[in-house]
Amino acid sequence: MNIPSKYDPASVEDKWYSYWMENGFFRSTPDQREPYCIVIPPPNVTGVLHMGHMLNNTLQDVLIRRARMQGKNALWVPGTDHASIATEARVVSKLAAEGIKKSDLSREAFVKHAWDWTHKHGGIILEQLKKLGASCDWDRTCFTMDEALSESVIKVFVDLFNKGLIYRGVRMVNWDPQALTAVSDEEVNHKEVASKLYYLRYQVEGEEEFITIATTRPETILGDTAVCVHPEDERFSKFHGKKVLVPLVNRSVPIIVDEYVDREFGTGALKITPAHDINDYELGLKHNLESIDIFNDDGTLNEAARVLVGEDRFKARKLIVPMLEEAGNLVKTEDYMNKVGFSERTDAVIEPKLSLQWFLRMKDLGAPALEHVMNDDVQLQPAKFKNTYRHWMENVKDWCISRQLWWGHRIPAYFYGEGPMDYVVAESMEEALELARERSGNSQLKTEDLHQDEDVLDTWFSSWLWPISVFDGIRHPDNEDINYYYPTNDLVTAPEILFFWVARMIIAGYEYRNEKPFDSVYLTGIVRDHKRRKMSKSLGNSPDPIELMKKYSADGVRVGMLFCSPAGNDLLFDESLTEQGRNFSNKIWNAFRLVKGWEVDPGLEQPAHSAEAVQWFETQMNRAFIKVEDQFLKYRVSDALMIIYKLFWDEFSSWYLETVKPAYQKPIDRASYEATLGFIDGLMHMLHPFMPFITEEIWQLIMERKPAESLMVSLMPTPESYDKKLRRHFEEIKEVITSIRFIRNEKNIAQKEVLKLMVRSSKDSKYRKYLEPVIIKLANLSDVALITEEPEGAVSFIVKNVEYFVPVGSMVDAGEELKKLEEELAYTQGFLLSVQKKMSNERFVQNAPAQVVEKEQQKMSDAEGKIAVLEAQIEKLKGQV
């Protein structure tokens with residue numbers, strides 16, 4: 001086979017992805033095997049790949065490829081989310097650029113534009129995921145507005161309404177004046193903002209006295225309907241039962257008393273604006289206050305404000321301050337830091353607003369979802385998120401599920417009269433008509449008499465059904481797919497949507513399947529730059545993933561992302577890590593080329609050093625397999641990769657290949673060659689979930705393969721027990737070889753110059769004679785002699801209390817040797833002291849695992865033996881200085 005001198009990732013990636021697709025290796029249908037299933041967190045249909053997607057989907061692909069190689073029937077379901085707010089905003093913007101206003105279009109015409117946009121842009125992100133190597137079953141691609149998924153959403157709405165869990169009412173909601181829709185509490189980001197605190201005085205009606213309040217929003221005084229003080233605050237007791245005049249509009253409003261007031265904040269008196277503050281709204285209900293809504297939906301002031309009508313709320317704030325000052329109502333202003341809510345979708349400042357919306361009762365519905373996470377039926381990885389989850393679930397509020405948009409699942413409520421309760425909820429117009437006739441008692445009603453609710457459902461109301469609806473488990477709850485794949489195995493997602501999505505999927509799972517939707521939730525960190533800032537287009541700190549893959553290869557970027565992504569902790573992305581990933585690919589390629597370039601002599605006997613190296617590396621591989629398995633069980637995917645990385649880079653390339661490598665232009669024996677190719681095969685299996693492209697390329701080049709053979713569907717080797725003693729002994733001789741190489745460098749002795757080694761050991765400190773051929777090969781020695789007396793003119797070192805001497809004749813400087821030994825003695829004494837301190841700690845000895853205590857005892861024994869040897873050598877050298 002012709003193996004190119006340089007690895008070309010671009011051609012390799014396209015070649016093997018096409019091969020995998022053509023052979024249907026990503027496809028899955030129910031069979032007798034154990035299923036392993038992941039459903040993708042559906043990215044927004046408007047989206048393009050960003051660094052968060054890269055991390056999330058790399059982790060999913062690692063898990064799915066590994067399961068597939070373990071012989072499981074692995075299915076990764078892909079899809080996209082219709083993203084009501086984001087998509088509608090994009091379509092409105094596109095139409096505006098064409099001179100078309102949304103308000104000039106009918107609903108049907110606008111929705112057609114939205115579908116056109118979706119068909120044009122909807123597949124981009126999924127095509128980009130293919131470049132990453134995502135092994136999704138693309139034949140199962142779902143979209144939350146697909147017919148089956150849409151019908152499922154409507155069916156669930158009707159069911160929950162009929163159970164009395166969905167209701168319609170006027171409530172205080174989070175209003176997004178830019179998107180012109182309500183958003184849920186979870187879609188509001190609170191940020192610290194530098195504001196002003198305005199102290200305003202309200203005249204007591206019929207008196208010359210004033211009450212001063214403090215507010216960050218002076219424009220909202222135009223909607224004030226009371227001033228509130230604490231009943232026990234003596235400063236205001238004389239005003240109880242009186243009224244004040246609202247500045248500028250002179251509205252007479254009552255002074256009310258309530259223990260809600262914090263006497264220490266501001267002046268101790270609060271302005272109450274029930275229409276524009278959630279706490280004021282609650283006080284308004286309690287004290288039966290009038291509610292005056294002074295804002296239009298777009299955040300401008302309406303006629304009810306009476307002043308500054310038509311002005312934007314922020315401009316109105318600037319304009320009202322000098323007006324208040326001129327009227328004698330502004331006492332003072334102070335700088336003030338306060339938390340302000342911003343829309344998660346548009347970043348517009350949220351306006352608390354009274355609005356008629358649809359809500360889902362969450363308290364009872366969510367109870368099983370709390371119980372089953374707390375008892376670990378559903379495991380959060382890492383577990384630290386359980387407390388956050390519990391806090392949210394124990395304080396869950398009713399979910400505002402309606403959105404004032406046109407793109408999305410239209411609420412299946414049909415109005416047949418003018419009264420607030422003159423509506424029915426049904427899955428179709430035909431069913432609605434039948435219900436409306438029955439409820440109204442009017443059998444003459446026609447479909448033209450019914451009007452469907454204009455609002456659509458919150459996008460999360462469709463994606464909370466995702467693990468069920470992708471298998472059509474709502475419409476057909478006993479179908480083959482849902483019975484086989486549900487519950488799924490792992491969900492990989494970000495902590496910031498733990499409540500938006502994860503908690504709600506668990507709620508839906510128990511409501512509609514009486515079963516969890518997944519076994520485990522792997523919560524990734526947020527991708528940040530080196531300054532710990534979240535990566536975003538606006539900051540210009542987020543590289544283009546496609547360009548990164550062109551530069552460093554898909555495998556290189558996957559490895560780079562995983563090198564800096566511990567579960568649940570933020571990922572500090574550094575482009576040098578993707579470069580390190582690319583360099584690793586080159587290292588693998590060059591090592592493979594080196595081996596395939598060796599000439600094999602079938603008649604050659606296997607050298608002793610190669611035989612020992614083969615046994616040792618087999619031990620290393622089995623140990624690595626076991627450790628990797630353990631890391632996967634703990635969801636430490638990055639740590640699993642690092643074990644394999646070090647195994648290949650440090651052990652295989654640096655030690656094993658150096659040991660078995662034949663002399664220049666000499667052949668290698670067949671046994672060592674075949675063992676080496678076997679190790680490469682095993683390493684490619686271990687690496688494939690992380691680096692699918694280069695591993696497939698090399699695996700195909702190891703030997704001739706049959707058509708439709710692939711590494712990705714070949715079974716992962718199962719770990720066997722390994723020889724711990726051999727591994728420990730080999731570590732000792734690695735230290736011996738490293739020490740000899742250090743002496744060569746220190747004394748400027750060329751590597752090609754053959755040296756002699758002398759060894760002095762005792763019953764308590766044994767020299768590993770059987771590994772001597774490896775020392776001779778890698779240290780380039782003529783021979784090794786066992787001695788009892790310390791030789792003259794030799795540089796010495798100690799490994800595990802065995803003394804080694806390298807004769808260098810006149811190059812030995814006794815004074816220099818003495819200094820080196822004394823430094824080593826001081827270090828070893830310090831090390832011994834630290835171990836003794838640990839071992840004298842009764843709590844450590846009693847609570848630490850037995851093997852840990854045993855290891856510390858061994859360290860202490862080794863250090864004591866080494867100190868004795870060093871002291872003897874120092875004593876002898878002192879006589880020569």
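What to note about this one:
- Residue list for the range 828-881, restricted to those being outside any helix (DSSP H, G or I) and surrounded by 14 or more Cβ atoms within 10 Å (Cβ to Cβ): Ala848
- Among the residues listed as Leu380, Leu365, Leu370, the single one being in a loop (DSSP other than H, G, I, E, B) and more than 30 Å from Thr273 (Cβ to Cβ): Leu365
- Screening the candidates Glu264, Glu290, Glu259, Glu282 for the property of being part of a helix (DSSP H, G or I) and surrounded by fewer than 16 Cβ atoms within 10 Å (Cβ to Cβ) yields one hit, Glu282.
- Listing of strands (runs of 3 or more DSSP E) fully contained in the range 750-827 that carry 2 or more residues being loosely packed, with under 12 Cβ neighbours inside 10 Å: 781-786
- Residue that is most open to solvent (accessible area, probe 1.4 Å), among those in the range 1-26 that are in a loop (DSSP other than H, G, I, E, B) and farther than 26 Å from Leu562 by Cβ: Asn2
- Within the range 403-418, the residues that satisfy the criterion of being outside any loop (DSSP other than H, G, I, E, B) and modelled with pLDDT of 95 or more are Arg410, Ala413, Tyr414, Phe415.
- Criterion violated by Glu720 - all others in (1) out of contact with any helix residue (DSSP H, G or I) (no Cβ under 7 Å at 6 or more places or on another chain); (2) exposed (fewer than 15 other Cβ atoms within 10 Å of the Cβ); (3) assigned to a loop (DSSP other than H, G, I, E, B) satisfied: (1)
- Counted residues, the range 431-460 - those being loosely packed, with under 15 Cβ neighbours inside 10 Å, within 45 Å of the chain's Cα centre (by Cα) and farther than 29 Å from Glu186 by Cβ: 1
- Test: residue in the range 144-153 that is crowded, with 19+ Cβ neighbours inside 10 Å, in a helix (DSSP H, G or I) and in contact with an Asp or Glu (Cβ under 6 Å, 6 or more places away or on another chain): no
- Flag for Glu842 being modelled with pLDDT under 85, closer than 24 Å to Asp650 by Cβ and out of contact with any helix residue (DSSP H, G or I) (no Cβ under 8 Å at 6 or more places or on another chain): no
- Here the range 226-248 is the region considered, the condition is being in contact with a helix residue (DSSP H, G or I) (Cβ under 9 Å, 6 or more places away or on another chain) and open to solvent by 10 Å² or more (accessible area, probe 1.4 Å), and the residue that is farthest from Pro352 (Cα to Cα) is Pro231.
- Flag if Ser576 is surrounded by fewer than 19 Cβ atoms within 10 Å (Cβ to Cβ) and at pLDDT below 95: yes
- Ile694 surrounded by fewer than 21 Cβ atoms within 10 Å (Cβ to Cβ), within 31 Å of the chain's Cα centre (by Cα), part of a helix (DSSP H, G or I) and not aromatic (Phe, Trp, Tyr): no
- Residue match in the range 36-47 (condition: within 30 Å of Ala708 (Cβ to Cβ) and of a type in the set (Ser, Thr, Tyr)): yes
- For the range 691-745, the set of residues classified as acidic (Asp, Glu) and free of Cβ contacts under 8 Å to residues at least 60 places away in the same chain consists of Glu704, Glu709, Glu731, listed by residue number.
- The lone criterion from (1) aliphatic (A, V, I, L, M); (2) surrounded by 15 or more Cβ atoms within 10 Å (Cβ to Cβ); (3) not in a loop (DSSP other than H, G, I, E, B) left unmet by Leu604 is number (3).
- Considered as a group, the residues in the range 89-117 that are touching a residue at least 40 places away in the same chain (Cβ under 8 Å) and open to solvent by less than 10 Å² (accessible area, probe 1.4 Å) include one that is farthest from the chain's Cα centre (by Cα), and that residue is Phe110.
- Residue count for the range 267-279, restricted to those that are out of contact with any Pro (no Cβ under 9 Å at 6 or more places or on another chain), of a type outside the set (S, T, N, Q), in contact (Cβ under 8 Å) with a residue 40 or more places away in the chain and part of a loop (DSSP other than H, G, I, E, B): 1.
- For the range 395-422, the candidate set comprises residues that are among the aromatic types (Phe, Trp, Tyr) and either in contact with a Leu (Cβ under 7 Å, 6 or more places away or on another chain) or open to solvent by 10 Å² or more (accessible area, probe 1.4 Å) (or both); within that set, the residue that is nearest to Leu360 (Cα to Cα) is Trp399.
Each row is one residue, and each column tells you yes or no for (1) part of a helix (DSSP H, G or I); (2) closer than 18 Å to Asp519 by Cβ; (3) open to solvent by 30 Å² or more (accessible area, probe 1.4 Å); (4) hydroxyl-bearing (Ser, Thr, Tyr).
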position: Thr29; (1), (2), (3), (4): no, no, yes, yes
position: Gln32; (1), (2), (3), (4): no, no, yes, no
position: Ile38; (1), (2), (3), (4): no, yes, no, no
position: Pro42; (1), (2), (3), (4): no, no, no, no
position: Leu49; (1), (2), (3), (4): no, no, no, no
position: Leu55; (1), (2), (3), (4): yes, no, no, no
position: Asp61; (1), (2), (3), (4): yes, no, no, no
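Here is a yes/no grid of residues against (1) under 56 Å from the mean Cα position of the chain (by Cα); (2) modelled with pLDDT of 80 or more; (3) of a type in the set (S, T, N, Q):
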site	(1), (2), (3)
Ile776	yes, yes, no
Val784	yes, yes, no
Val795	yes, yes, no
Glu817	yes, no, no
Leu825	yes, yes, no
Gln857	yes, yes, yes
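- Summed over the range 393-419, the residues that are without any contact (Cβ under 8 Å) to a residue 12 or more places away in the chain and not charged (D, E, K, R) give a count of 2.
- Residue within the range 304-323 that is assigned to a strand (DSSP E or B), closer than 17 Å to Ala214 by Cα and out of contact with any helix residue (DSSP H, G or I) (no Cβ under 6 Å at 6 or more places or on another chain) present: no
- Looking only at residues of the range 330-354 that are closer than 21 Å to Glu88 by Cα and assigned to a strand (DSSP E or B), we find that the one that is farthest from the chain's Cα centre (by Cα) is Glu351.
- Residue within the range 543-553 that is in contact with a Pro (Cβ under 8 Å, 6 or more places away or on another chain) and at pLDDT below 90 present: no
- Scope the range 63-79; condition crowded, with 24+ Cβ neighbours inside 10 Å and within 22 Å of Thr144 (Cβ to Cβ); matching residues: Ile64, Leu75, Trp76, Pro78
- Any hit, the range 557-573, residues being over 18 Å from the mean Cα position of the chain (by Cα) and either assigned to a loop (DSSP other than H, G, I, E, B) or buried (at least 16 other Cβ atoms within 10 Å of the Cβ) (or both): no
- The set of residues from the range 461-481 being surrounded by fewer than 21 Cβ atoms within 10 Å (Cβ to Cβ) and not in a loop (DSSP other than H, G, I, E, B) comprises Glu480, Asp481.
The values are calculated or read from the model by the stated rules, or taken from the named source; none is laboratory data. Please read all numbers here as calculations on a predicted model, not as lab measurements. Note that we place each Cβ from the backbone using ideal geometry, even for glycine, and neighbour counts take in every protein chain shown. Side chains are part of the model used for accessible areas, which takes the heavy atoms of the whole protein and leaves out ligands, DNA and RNA. Shrake-Rupley method; radii C 1.70, N 1.55, O 1.52, S 1.80 Å.
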